[in-house]
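Structure first, then comments.
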Amino acid sequence: MTSSELQPRQDGAASLRLLSDGELTLEGRLVDASNATLRGILTLDGASARCVYKPVRGERPLWDFPDGTLAGREVSAYLVSRATGWDLVPPTVLRDGPFGPGSCQLWIDEPEDAEPLVGFVPAEAVPPRWFPVAAARDDDGAAYALAHADDPRLARLAVLDAVINNADRKGGHVLVGPDDRIYGVDHGVCFHVEEKLRTVLWGWAGRQLPPDAVAMLDGLAGQLTGALGDELADHLTISEVAEVAARVDRLRETGRFPLPPEEWPAMPWPPM
């Protein structure tokens, strides 16, 4: 990498141009991912950055999401995140690559000393200001809790997940960037027209939304009837875009974080 490597919070237009037009050289595959997920290096006009490239042809068929649509959902999550002003999803575009069209997202390097915000902790030692959200036991039968921090950055991510109907918010999909911001990644199974919210971030369930979230939702409602709605329509169906607006309206009406569902699993598997 060069000294001109882009960082997540640098100029958004520069990041998007590099993602869209940069020469993409693949480094290898992330083997733990369920769909083909490749890491690469982008270079353009002396700038460079690492990225995650997910080709459409590497998407595993799912029973409840149309084939070949996950890359567009990744881009849509970025578009909504950008519209909130919270920038919780790294810059993401749809582009051609070595294995055909796919999503291309700026890579987030977590500092080695970054404090985790979600994880399994001994049940009797849940850190202060953390929410236990599920019980578990290790192979020896010791009691653990799946828990997450009561952190306003995570609360914003929980609100975003409710808006985009994220069916797969694992703890491992929450990253702490070098700028001490948090980022959510892996949004291929979002935006379904049916309620499918599955997340480990249930600590605020039923609580009142913070004022900044209420203001954000008010602004997002207006954007969905304009340019944002048009951008999403390039990647989602008309019904899916309409349901984004409907979810925003429901959150504005209740003024509260959603409750865990009773009709389907409330957490993804595995949770981390």
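The values are calculated or read from the model by the stated rules, or taken from the named source; none is laboratory data. Just so you know, these numbers come straight off a predicted model, no measurement behind them. With ideal geometry, Cβ positions are generated from the backbone for all residues, glycine too; neighbour counts draw on all protein chains shown. Surface accessibility is based on the protein's heavy atoms, side chains included, excluding ligands, DNA and RNA. Shrake-Rupley method; radii C 1.70, N 1.55, O 1.52, S 1.80 Å.
If the requirement is being surrounded by 12 or more Cβ atoms within 10 Å (Cβ to Cβ) and either under 17 Å from the mean Cα position of the chain (by Cα) or modelled with pLDDT under 95 (or both), which of these qualifies: Leu224, Leu236, Leu217?
Working: Leu224 fails: either under 17 Å from the mean Cα position of the chain (by Cα) or modelled with pLDDT under 95 (or both); Leu217 fails: either under 17 Å from the mean Cα position of the chain (by Cα) or modelled with pLDDT under 95 (or both).
From the options Leu224, Leu236, Leu217, the qualifying one is Leu236.
Among the residues of segment 97-108, are any open to solvent by less than 60 Å² (accessible area, probe 1.4 Å) and of a type in the set (A, V, I, L, M)? Break it down into steps so the answer makes sense when it comes.
Taking segment 97-108 first, the residues open to solvent by less than 60 Å² (accessible area, probe 1.4 Å) are 97, 100, 102-106, 108.
Now narrow it down to the ones that are of a type in the set (A, V, I, L, M): 106, 108.
So far as segment 97-108 goes, yes, one or more of its residues are open to solvent by less than 60 Å² (accessible area, probe 1.4 Å) and of a type in the set (A, V, I, L, M).
Select from segment 226-241 the residues that are assigned to a helix (DSSP H, G or I) and either in the same structural domain as Pro66 (by the TED database) or without any contact (Cβ under 8 Å) to a residue 24 or more places away in the chain (or both) and list them in ascending order.
Correct list: Ala227, Gly229, Asp230, Ile238, Val241.
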Scope segment 117-131; condition in a loop (DSSP other than H, G, I, E, B) and free of Cβ contacts under 8 Å to residues at least 24 places away in the same chain; matching residues:
Val126, Pro127, Pro128, Arg129
Filter segment 44-62 down to residues that are open to solvent by 40 Å² or more (accessible area, probe 1.4 Å) and closer than 24 Å to Asp87 by Cβ and give me whichever is nearest to the chain's Cα centre (by Cα).
Arg50
What are the pairs, 6+ residues apart or on separate chains, where a residue within segment 211-225 that is assigned by the TED database to the domain that holds Arg252 and under 18 Å from Asp161 (Cβ atoms) has its Cβ under 6 Å from a residue that is open to solvent by 70 Å² or more (accessible area, probe 1.4 Å) and basic (Lys, Arg)?
Leu217/Arg252
Condition set among the polar types (S, T, N, Q) and in a helix (DSSP H, G or I), scope segment 61-88, selection nearest to Gly102 (Cα to Cα): answer is Ser76
Within segment 242-260, considering residues that are β-branched (Val, Ile, Thr) and open to solvent by less than 20 Å² (accessible area, probe 1.4 Å), the one nearest to Glu74 (Cα to Cα)
Val244
Is it the case that Arg181 is more than 30 Å from Val244 (Cβ to Cβ) and modelled with pLDDT under 95?
no
Cβ-Cβ below 7 Å, separation at least six or inter-chain, first residue in segment 20-37 and at pLDDT 95 or above, second of a type in the set (S, T, N, Q): which pairs?
Gly22/Thr43; Glu23/Thr43
If I filter segment 2-13 for residues that are of a type in the set (A, V, I, L, M, F, W, C), at pLDDT below 95, open to solvent by less than 60 Å² (accessible area, probe 1.4 Å) and not assigned by the TED database to the domain that holds Val189, do I get at least one hit?
yes
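Results for (1) open to solvent by 10 Å² or more (accessible area, probe 1.4 Å); (2) in contact with a strand residue (DSSP E or B) (Cβ under 9 Å, 6 or more places away or on another chain); (3) among the charged types (D, E, K, R), shown as yes or no for each residue.
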residue: Asp140; (1), (2), (3): yes, no, yes
residue: Leu146; (1), (2), (3): no, yes, no
residue: Asp150; (1), (2), (3): yes, yes, yes
residue: Gly184; (1), (2), (3): no, yes, no
residue: His187; (1), (2), (3): no, yes, no
residue: Glu195; (1), (2), (3): yes, no, yes
residue: Arg198; (1), (2), (3): yes, yes, yes
residue: Pro211; (1), (2), (3): yes, no, no
